[in-house]
Amino acid sequence: MPAISVRDLRKTFQMKRKAAGLRGSLRALWRPDYQSVEAVRGLSFEMEDGELLGFIGPNGAGKSTTIKILTGILHPSSGEAAVLGHVPWEQRQALAFQIGSVFGQRPQLWYHLPAVDTFYLFGKIYELDDSSLKRRISFLAEAFEIEELLETPVRKLSLGQRMRCEVAASLLHKPRVLLLDEPSIGLDVVAKQRLRMTIQRMNELEGVGVLLTSHDAGDIETLCRRVIIINHGEIVYRDKVSALKRRYLTVKTVDVRYNEQLAPDFSLPGVEMVKVGRYGAKMRFDTRVTPVEPVISGLAAAGSLADVTVSEPSLEEVISAIYERTEA
Amino acid sequence: MRSREADVLSPESRVRGPAAAAVVGKYWAIFRTQLVNSLAYPIDLLGRSLAIVLFMWIFMNLWRVTYGATGASSIAGLTLADTMWYLMMAEAVMLSKRDLSETISEQVKDGSVAYLLNKPFNFILYHFAAGLGHSLLSFGGNLLIGSGIVWLMVGPPPGIMGWLFAGVAVALSWLLDFCFSTLIGLSAFVVEETNAFRWIYQKFLLLLGGVLIPLDFFPAWLQTISLNLPFAWIIYGPARLFVDPSLARLGQVLLQQGIWLAVFGGIVWVTYRRAVARLVINGG
Ligand SMILES: Nc1ncnc2c1ncn2[C@@H]1O[C@H](COP(=O)(O)OP(=O)(O)OP(=O)(O)O)[C@@H](O)[C@H]1O
Ligand SMILES: [Mg+2]
């Protein structure tokens with residue numbers, strides 16, 4: 001049985017529309033003008049038990065809405081979903097014992113208290129007995145390297161430190177599925193790396209399945225084997241992360257520098273010139289369309305070469321290409 | 001590591017024994033955490049409790065002049081000392097109300113309500129426990145400081161029965177206020193701005209609840225109206241019982257509180273069920 005399965009899930013928000021100014025407000029009071037926003041439009045996907053699944057998409061794509069439906073705090077307009085065998089919006093409380101969630105943009109630790117106080121509170125809320133709770137806290141403190149931070153009031157922690165505590169808190173009751181909505185938002189490179197390593201470690205150690213949204217391709221690349229890309233509430237791509245890269249790997253970017261000045265109208269057939277300078281150029285071509293050899297010989301023929309760099313697109317670029325392609 | 005930790009949280013690590021104990025345990029923990037949280041800023045807590053000193057000083061000057069002008073030792077059955085002790089209790093109750101409606105509205109508006117709905121506890125009971133943790137401390141502080149100052153002004157407080165009866169009535173009054181605040185807070189699920197409701201509720205308490213003046217001083221028709229509305233039983237009821245702890249009055253106060261609690265408790269419950277079903281969570 002998959003940990004999460006979603007079939008034809010839809011969510012339409014009714015949003016009150018109101019004209020500007022006082023008159024608009026008054027009119028909206030008498031005759032509210034509703035505008036519907038289709039946040040999720042027929043999503044179907046599955047996540048295996050213990051899987052690390054990337055769930056990405058541009059702003060407003062419907063990621064958070066989907067996650068809220070999966071935690072049971074939002075009712076879908078139609079469609080089915082099962083998380084660990086529960087229909088989330090019907091069995092929210094029962095499900096709560098088995099899933100953890102982190103909404104990166106909202107803190108859940110008590111701001112004025114040390115994190116350990118929230119940990120003990122959660123222990124009670126999840127009905128853990130005291131000795132297991134103690135062992136669990138010390139285990140998580142070690143895994144997340146937060147032993148020294150636990151006694152400090154949360155308001156005095158850095159964002160990166162706080163985020164590690166937040167994720168640790170969501171794992172206290174040893175959930176089988178973790179829903180992470182942008183956990184790495186606002187973190188620096190090092191903090192991101194640390195958080196990724198810990199999430200990966202918890203996944204290996206306890207087999208907790210993770211549905212991860214992020215705007216950082218690096219999170220997806222290091223953590224997830226499989227990725228689902230959505231835009232405008234619909235799935236536009238789903239496959240292994242490696243396949244995603246491979247598929248676009250045929251696009252090469254070439255940077256050349258010459259020892260002499262380049263002809264201003266320098267171009268090669270089948271190659272897109274991104275930038276042509278006086279002593280160099282940047283260009284892009286797809287090896288499936290344009291063979292490599294004539295490009296290389298064309299480059300050599302154009303003058304005395306000083307340097308050549310050939311690069312493949314980063315995952316980030318691949319993803320933004322997909323976003324753009326589906327922007328219709 | 002795996003072998004050592006794999007079994008740390010087997011299903012058996014859930015609290016053993018009657019399920020009720022675990023349930024009470026979690027709300028108790030919420031209450032206690034809120035209590036500790038309020039203590040995080042003791043100076044702030046003390047500062048807020050000092051507001052009652054200012055109020056009592058103003059009331060003292062006002063009513064001393066009034067009693068002096070009429071020349072009577074009691075008005076509508078209340079001496080100056082009674083009036084001051086009444087007002088002290090009324091203010092202590094009023095000032096230690098947590099603005100729960102605002103808390104809930106904020107949580108709904110900024111989306112943090114998501115974290116309260118995806119935990120295994122009841123949202124209303126969570127706020128009940130947390131609100132109690134919040135109010136208890138400030139009520140204690142207000143009562144202590146308020147009593148001190150009023151004692152200096154007009155002499156000793158009512159006897160032990162006054163404290164006892166008022167204690168019971170204050171507890172029920174807190175529940176009644178909890179119902180109103182929760183209703184206003186829950187309305188944030190439907191309308192965007194709840195400030196208007198909050199403002200109206202506050203004004204009703206101030207004017208018809210007996211916060212500024214014992215309702216006994218009102219003209220008869222206004223008294224009748226006030227006493228037939230729930231607001232009087234949040235403030236006036238407990239405060240009046242404090243200075244006149246008769247069994248008859250106790251019966252009247254508890255009956256009124258009980259009726260209004262049944263009515264508004266029911267409304268809260270139904271509203272909550274419906275609000276959660278049509279829940280819209282903002283942000284993210
Ligand atoms: N409470 C709401 N009322 C009305 N519309 C909403 C509400 N919540 C979300 N939406 C709309 O639904 C769409 C999807 O929003 P959602 O928050 O799921 O996007 P997202 O993929 O999480 O975006 P981001 O990456 O910016 O967090 C957006 O168009 C948004 O405006
Ligand atoms: Mg989002």
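The values are calculated or read from the model by the stated rules, or taken from the named source; none is laboratory data. This one's a predicted model, so the numbers in the text were calculated from it and none came from an experiment. Note that we place each Cβ from the backbone using ideal geometry, even for glycine, and neighbour counts take in every protein chain shown.
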* Residues located in segment A:85-104, provided they are touching a strand residue (DSSP E or B) at 6+ places or on another chain (Cβ under 8 Å), facing chain B (nearest Cβ under 9 Å) and among the polar types (S, T, N, Q) -> A:Ser101
* Asked: Among the residues of segment A:168-183, is there at least one that is within 13 Å of chain B (Cβ to nearest Cβ) and β-branched (Val, Ile, Thr)?
  -> yes
* Of all residues in segment A:22-65 being within 7 Å of ligand 1 (Cβ to nearest atom) and not in a loop (DSSP other than H, G, I, E, B), which is farthest from A:Leu84 (Cα to Cα)? -> A:Val37
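For a quick check of your reading: which helices (runs of 4 or more DSSP H) sit entirely within segment A:210-328 and have at least 3 residues that are closer than 30 Å to A:Val190 by Cα?
Output list reads A:217-223, A:241-248, A:315-325.
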* Structure fact -> When restricted to B:Val168, B:Val150, the only residue over 19 Å from the mean Cα position of the chain (by Cα), β-branched (Val, Ile, Thr) and assigned to a helix (DSSP H, G or I) is B:Val150
* Asked: Can you tell which of A:Leu212, A:Leu244 is within 16 Å of ligand 1 (Cβ to nearest atom), touching a helix residue (DSSP H, G or I) at 6+ places or on another chain (Cβ under 7 Å) and more than 14 Å from chain B (Cβ to nearest Cβ)?
  -> A:Leu212
* Structure fact -> Flagged in segment B:112-143 as small (Gly, Ala, Ser), within 13 Å of another protein chain (Cβ to nearest Cβ) and touching a Lys or Arg at 6+ places or on another chain (Cβ under 6 Å), in numbering order, are B:Ser112
* Asked: Of all residues in segment B:78-108, how many are closer than 22 Å to B:Ala166 by Cβ and either free of Cβ contacts under 8 Å to residues at least 24 places away in the same chain or more than 27 Å from the chain's Cα centre (by Cα) (or both)?
  -> 1
* Structure fact -> Flagged in segment B:140-171 as of a type in the set (A, V, I, L, M, F, W, C) and in contact with a helix residue (DSSP H, G or I) (Cβ under 6 Å, 6 or more places away or on another chain), in numbering order, are B:Leu143, B:Ile145, B:Ile149, B:Val150, B:Met153, B:Val154, B:Phe165, B:Ala166, B:Ala169, B:Val170
* Structure fact -> The number of residues in segment B:77-118 that are in a loop (DSSP other than H, G, I, E, B) and surrounded by fewer than 21 Cβ atoms within 10 Å (Cβ to Cβ) is 4
* Can you find a residue in segment A:303-320 that is within 16 Å of ligand 1 (Cβ to nearest atom) and of a type outside the set (Asp, Glu)? -> yes
* Give me the pairs: first residue in segment B:26-42 and more than 8 Å from every other protein chain (Cβ to nearest Cβ), second residue at pLDDT 90 or above, beta-carbon distance under 6 Å, and six or more apart or on different chains, which are they? -> B:Tyr27/B:Leu125; B:Tyr27/B:Ala129; B:Phe31/B:Ala129; B:Phe31/B:Leu132; B:Phe31/B:Gly133; B:Gln34/B:Ala130; B:Gln34/B:Gly133; B:Leu35/B:Gly133
* Could you look through segment A:40-70, keep only residues that are within 10 Å of ligand 2 (Cβ to nearest atom) and surrounded by fewer than 18 Cβ atoms within 10 Å (Cβ to Cβ), and pick out the one that is farthest from A:Ser184 (Cα to Cα)? => A:Gly60
* Asked: Got at least one residue in segment A:198-216 being in contact with a Lys or Arg (Cβ under 6 Å, 6 or more places away or on another chain), without any contact (Cβ under 8 Å) to a residue 40 or more places away in the chain and farther than 25 Å from A:Ala61 by Cβ?
  -> no
* To do: Note down all Cβ pairs under 6 Å where the first residue falls in segment A:57-77 and is within 11 Å of chain B (Cβ to nearest Cβ) and farther than 19 Å from A:Ile229 by Cβ, the second is basic (Lys, Arg) and within 13 Å of ligand 2 (Cβ to nearest atom), and they're at least six residues apart or on different chains.
  => A:Leu74/A:Lys68
* To do: Kindly list the number of the only condition in (1) modelled with pLDDT under 95; (2) away from chain A (no Cβ under 14 Å) that fails for B:Ser147.
  => (1)
* Structure fact -> Residues in segment A:240-284 that are within 28 Å of A:Thr66 (Cα to Cα) and at pLDDT 90 or above total 1
